[in-house]
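Engineer: A single structure is presented below for examination.
The values are calculated or read from the model by the stated rules, or taken from the named source; none is laboratory data. Small disclaimer: the values here were computed from a predicted structure and weren't measured. Quick reminder, even Gly has a Cβ in these numbers, built from the backbone with ideal geometry, and neighbours come from all protein chains shown. When the accessible area is computed, the model is the full protein with side chains, heavy atoms only, and any ligands, DNA or RNA have been set aside. Shrake-Rupley method; radii C 1.70, N 1.55, O 1.52, S 1.80 Å.
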4 protein chains.
Amino acid sequence: MPNPPNPARRSQSSRRAILAAAAELCSELGYGQVTIEAIAARAGASKKTIYRWWPSKGAVMLELIDETATITAAHPDTGDLAADLRTQLSAVIDLLTPAHTSPVAGLIAEALNDPDLARDLRDRLIKPRIARFKERMRRAQDAGQLSPEVDLDVALDLLYGPLYHRFVLHLGMPDADHLDVLIAHALRAVDPSTNT
Amino acid sequence: MPNPPNPARRSQSSRRAILAAAAELCSELGYGQVTIEAIAARAGASKKTIYRWWPSKGAVMLELIDETATITAAHPDTGDLAADLRTQLSAVIDLLTPAHTSPVAGLIAEALNDPDLARDLRDRLIKPRIARFKERMRRAQDAGQLSPEVDLDVALDLLYGPLYHRFVLHLGMPDADHLDVLIAHALRAVDPSTNT
Amino acid sequence: MPNPPNPARRSQSSRRAILAAAAELCSELGYGQVTIEAIAARAGASKKTIYRWWPSKGAVMLELIDETATITAAHPDTGDLAADLRTQLSAVIDLLTPAHTSPVAGLIAEALNDPDLARDLRDRLIKPRIARFKERMRRAQDAGQLSPEVDLDVALDLLYGPLYHRFVLHLGMPDADHLDVLIAHALRAVDPSTNT
Amino acid sequence: MPNPPNPARRSQSSRRAILAAAAELCSELGYGQVTIEAIAARAGASKKTIYRWWPSKGAVMLELIDETATITAAHPDTGDLAADLRTQLSAVIDLLTPAHTSPVAGLIAEALNDPDLARDLRDRLIKPRIARFKERMRRAQDAGQLSPEVDLDVALDLLYGPLYHRFVLHLGMPDADHLDVLIAHALRAVDPSTNT
DNA sequence: TTCTAAGCGAGACGGTACGTCTCGTCTTGAT
DNA sequence: ATCAAGACGAGACGTACCGTCTCGCTTAGAA
């Protein structure tokens with residue numbers, strides 16, 4: 001009976017207004033203070049319209065991030081792997097900072113208590129970005145910058161792990177120099193031949 | 001004048017009942033369903049009593065964890081560093097799993113949107129455990145199991161980072177074999193002389 | 001320019017389906033549960049179509065009643081005035097009962113908070129029926145069954161008043177015997193020569 | 001589980017503020033525009049507090065009327081029955097007029113679509129007032145102003161019926177003169193010896 | 001016979017109010 | 001003074017209808 005809505009008739013202006021309102025409120029008040037009510041009021045949209053297209057506030061934020069954070073997904077390829085990784089990891093740090101008003105940080109926190117959202121977060125945001133990370137790493141292997149033996153899953157854990165470890169336990173993000181140290185350790189761990 | 005309460009007159013039976021109720025509710029219903037109301041009802045305590053002694057539900061859970069999870073803080077010392085790390089990291093994984101009913105996972109999530117709680121989490125739970133990790137590592141250095149040059153902060157990041165990275169992005173915890181692989185990589189990264 | 005719709009092009013099948021749906025919903029769920037949404041869904045009609053031809057749910061119900069309840073308007077004339085009045089007043093009681101699913105009762109309730117609807121109710125439903133009541137009474141006067149001096153407005157009040165009084169204050173409708181008593185009193189009041 | 005609230009701990013100031021807000025809104029905006037939301041906002045009360053003590057807006061209005069309209073229940077006794085009835089019936093007319101902002105009129109309308117409210121309206125408001133009407137009539141009988149044979153239920157119907165008949169069908173309330181005519185007819189109907 | 005203007009179904013939209021829920025504070029009376 | 005109990009103000013939740021709107025699709029006469 002409660003037919004799913006027809007996406008063809010969806011109002012793009014409402015969608016844009018809702019995502020924009022969500023972004024504004026998050027940066028102004030912090031993720032925790034964003035509510036469906038406030039988004040609707042700010043967007044000049046009806047709550048029903050939000051609930052029609054998204055199951056929860058987290059789903060709105062996820063879509064917002066998905067649109068906004070495409071840049072971060074793009075791994076540069078200057079030929080210098082370590083430098084390119086530093087560039088990309090710095091972008092991730094910026095995405096997570098400051099935690100209070102970061103949609104990504106808030107979404108990650110919310111997903112920890114919402115299995116549906118967790119699945120969407122992983123499948124729609126994280127996995128594609130992991131795929132692009134691995135593409136970049138394979139290009140490095142093809143170009144002889146990295147041993148073809150390297151386990152890319154381990155590389156992922158060692159490169160991104162420290163960031164999320166520090167983020168989630170509030171230990172402070174590494175500065176530029178320390179980021180270099182971490183990258184150098186990670187690359188050496190997976191590829192002892194690396195001479196960084 | 002809202003005088004601070006007098007700890008000397010605090011009812012220890014209320015405190016115990018509240019912490020016990022919080023633990024039960026968390027394992028029964030999941031962290032997200034635990035509310036101050038429910039804790040008070042289950043404990044036969046007044047909400048006012050809870051608010052008198054703790055600023056938030058997260059603070060209650062933190063105190064609960066602090067009492068419960070002392071074991072995990074203890075790093076074994078069998079003389080085999082890699083094996084001891086595997087034991088301890090496995091215990092950490094168990095503490096975070098299953099995310100839905102784990103007080104630690106819930107507390108970490110909540111702290112991401114509550115700066116006061118984040119500070120308490122870091123200073124009262126995390127930092128002491130990091131100190132014990134470093135003590136164990138220093139013992140390994142003293143025993144010649146590990147190079148005295150090793151940067152223990154980097155080691156911390158490389159060993160624990162992968163766990164939190166996977167936990168927070170819902171990528172699945174490593175199984176026993178993979179955990180060994182990760183530990184071996186981390187130790188090799190910080191101490192190339194390691195022959196694991 | 002919101003042109004008024006062209007009645008010549010009106011779909012009679014839609015009109016019938018809408019009125020039928022309204023009648024069904026009212027008897028199934030009660031007047032209060034009938035909504036424009038539900039009528040449209042049941043009738044397979046668009047809400048827009050309903051709003052095009054009727055200003056409100058009450059107006060739909062009024063038109064429904066106007067079509068249905070023509071019988072009640074017909075005052076029988078067997079030559080026995082008291083008996084004929086009992087017949088007609090019984091029909092009115094049936095129209096108002098049970099209050100929960102009676103379109104007439106619901107419409108009367110709704111009109112109490114909607115002046116436009118109240119006017120339509122009075123002018124399109126009530127006044128024509130009052131006129132037929134007075135015609136019957138005048139025939140009784142012409143036939144010598146009732147004094148030509150009788151004030152027909154007072155007679156109307158005394159005959160129908162008790163019904164609406166009891167209806168609106170939920171005092172229970174008179175049974176057949178009590179109805180006779182009321183009619184006898186009313187006729188005696190307006191025409192002391194009546195020997196009932 | 002959902003314990004009924006404890007009346008002993010009820011806040012009288014909240015109760016007074018809620019009833020006062022309801023009265024103000026009804027006279028300012030009309031019964032139909034009064035909402036629980038608006039009452040709560042005007043009263044500085046929480047919606048929860050209203051729902052805790054009253055099942056619906058109608059129940060609030062009923063309690064308001066019960067407190068306010070005690071005067072109307074009082075039948076004067078000057079020794080002149082017809083005059084006293086005119087006084088009291090005029091007061092009833094005033095209570096019902098203007099329909100738009102009259103809490104009584106609105107409540108009557110609402111009760112027509114809410115059986116629970118209808119029962120409360122009848123038992124808490126109407127029946128006690130009918131009892132006082134009958135007391136006054138019995139005093140008239142005792143004083144020899146009215147025949148002891150008179151059926152007081154019929155008298156009630158004939159005296160009040162015309163008012164509710166006209167009210168509910170929007171036929172216009174009787175003016176003072178016409179009210180006298182109606183009272184005279186009603187008294188004559190129940191007591192032919194009356195010489196009014 | 002094609003054109004064109006309207007009514008039609010469907011249903012998304014901005015709103016408003018609903019009745020419920022949880023929060024953190026406040027009040028009361030017993031210990 | 002602390003406690004259990006729980007009422008309170010506040011305000012977000014998700015739902016239901018409201019009345020308006022835009023969209024294609026019939027479905028007429030009119031050209």
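Engineer: How many residues are among the small types (G, A, S) and assigned to a helix (DSSP H, G or I) when one looks only at the stretch C:63-97?
Structural biologist: Within the stretch C:63-97, residues that are among the small types (G, A, S) and assigned to a helix (DSSP H, G or I) number 5.
Engineer: Based on what the data block shows, is C:A20 farther than 30 Å from C:V190 by Cβ, within 14 Å of DNA strand F (Cβ to nearest atom) and of a type in the set (A, V, I, L, M, F, W, C)?
Structural biologist: So C:A20 fails the test.
Engineer: Can you name every residue in the stretch D:96-118 that is over 13 Å from the mean Cα position of the chain (by Cα) and closer than 17 Å to C:T101 by Cα?
Structural biologist: D:E110, D:L112, D:N113, D:D114, D:P115, D:D116, D:L117
Engineer: Right, next: Would you pick out the residues in the stretch B:70-106 that are open to solvent by less than 30 Å² (accessible area, probe 1.4 Å) and acidic (D, E)?
Structural biologist: Of everything in the stretch B:70-106, just one residue is open to solvent by less than 30 Å² (accessible area, probe 1.4 Å) and acidic (D, E), namely B:D84.
Engineer: Hey, does the stretch B:32-46 have a residue that's outside the structural domain of B:F133 (by TED's automatic domain parsing) and more than 16 Å from DNA strand F (Cβ to nearest atom)?
Structural biologist: Yes, the stretch B:32-46 has at least one match.
Engineer: Here's a follow-up. How many residues does the stretch B:27-68 contain that are away from DNA strand E (no atom under 13 Å from the Cβ) and within 14 Å of another protein chain (Cβ to nearest Cβ)?
Structural biologist: Going through the stretch B:27-68 one residue at a time, the tally reaches 2.
Engineer: Which one of these is surrounded by 13 or more Cβ atoms within 10 Å (Cβ to Cβ) and in contact with a Gly (Cβ under 8 Å, 6 or more places away or on another chain): D:A45, D:A17, D:A40, D:A22?
Structural biologist: Residue meeting the stated conditions: D:A17.
Engineer: From B:G106, B:G144, grab the single residue that is of a type in the set (G, A, S) and away from chain A (no Cβ under 11 Å).
Structural biologist: Unique residue meeting the criteria: B:G144.
Engineer: Restricting to the stretch C:110-157, name every residue that is part of a loop (DSSP other than H, G, I, E, B), in contact (Cβ under 8 Å) with a residue 12 or more places away in the chain and under 18 Å from D:L171 (Cβ atoms).
Structural biologist: C:D114, C:D151
Engineer: I want to confirm something. Restricting to the stretch C:4-26 and keeping residues that are in contact (Cβ under 8 Å) with a residue 40 or more places away in the chain and within 16 Å of C:Y51 (Cα to Cα), which single residue is farthest from the other protein chains (Cβ to nearest Cβ)?
Structural biologist: Going through the qualifying residues, I end up with C:R10.
Engineer: For residues in the stretch D:48-69 being acidic (D, E) and open to solvent by less than 60 Å² (accessible area, probe 1.4 Å), which is nearest to DNA strand F (Cβ to nearest atom)?
Structural biologist: D:E63
Engineer: Of the residues that sit in the stretch A:83-99 and are touching a residue at least 60 places away in the same chain (Cβ under 8 Å) and within 14 Å of chain B (Cβ to nearest Cβ), which one is farthest from DNA strand F (Cβ to nearest atom)?
Structural biologist: This residue is A:L89.
Engineer: Output the residue which, of all residues in the stretch D:109-141 that are touching a Pro at 6+ places or on another chain (Cβ under 9 Å) and under 24 Å from C:G58 (Cα atoms), is nearest to the other protein chains (Cβ to nearest Cβ).
Structural biologist: If we take residues in the stretch D:109-141 being touching a Pro at 6+ places or on another chain (Cβ under 9 Å) and under 24 Å from C:G58 (Cα atoms), then D:L117 is nearest to the other protein chains (Cβ to nearest Cβ).
Engineer: Of all residues in the stretch D:158-196, how many are over 21 Å from the mean Cα position of the chain (by Cα) and not in a helix (DSSP H, G or I)?
Structural biologist: Residues meeting the conditions: 6.
Engineer: Of the numbered conditions (1) among the charged types (D, E, K, R); (2) open to solvent by 10 Å² or more (accessible area, probe 1.4 Å); (3) in contact with a helix residue (DSSP H, G or I) (Cβ under 8 Å, 6 or more places away or on another chain); (4) at pLDDT 95 or above, C:R136 satisfies every one except a single condition; which is it?
Structural biologist: (2)
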